[in-house]
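The values are calculated or read from the model by the stated rules, or taken from the named source; none is laboratory data. Since the structure is predicted, the reported quantities are computational estimates derived from the model, not experimental observations. Because the Cβ atoms are built from the backbone with ideal geometry, glycine has one as well, and the counts that use them run over all protein chains shown.
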Amino acid sequence: MSEPVRSDVVGPDVAVEDASSAQLVSRLTQQSTELIRSELRLAQAEMTEKAKHAGVGAGLFGGAGLVALYGVGTLVATAILALALVLPAWLAALIVTVVLFAVAGIVALVGKKQVSRATPAAPEQAIDGVKRDIATVKGGTSS
């Protein structure tokens, strides 16, 4: 690193009071450059630290999702076992399976509908606006 900056000296053995404008501007430029570099190093260190925390957080969220998936599987098994108290085990498993497939089908249909709404058709308003702009530029009138 560089030596500490003394406010009373501009250059080698030149006091601020005796320095020329060029020397003062030169010193200001040098100090500004050092300050900017220091700030950039600090910002880089902060961003690196934040990225590490974000990576760890994302990994923990992924782990939580996996544990939740196992929890859902256990809940399904619990539903089957509960139904097996009043029905044969194979019938309880079949009922839970049919219900799960029905829920999956409904979710898939809702998702398909959302995707079809997001698929861009011809953007009529934008096309009309461009046509009006072209007409205006060519000297026509806009409606």
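Structural remarks
- In the stretch 122-143, the residues that are at pLDDT 80 or above form Cβ pairs under 8 Å with partners that are of a type in the set (Val, Ile, Thr) and surrounded by fewer than 11 Cβ atoms within 10 Å (Cβ to Cβ), at six or more places apart or across chains, as follows: ALA135/THR141.
- VAL115 being within 32 Å of the chain's Cα centre (by Cα), in a helix (DSSP H, G or I) and modelled with pLDDT under 90: yes
Residue-by-condition table, conditions (1) at pLDDT below 95; (2) under 36 Å from the mean Cα position of the chain (by Cα):
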| residue | (1), (2) |
| --- | --- |
| ALA54 | yes, yes |
| LEU60 | yes, yes |
| TYR70 | no, yes |
| GLY73 | no, yes |
| THR78 | no, no |
| LEU83 | no, no |
| LEU94 | no, no |
| VAL98 | no, no |
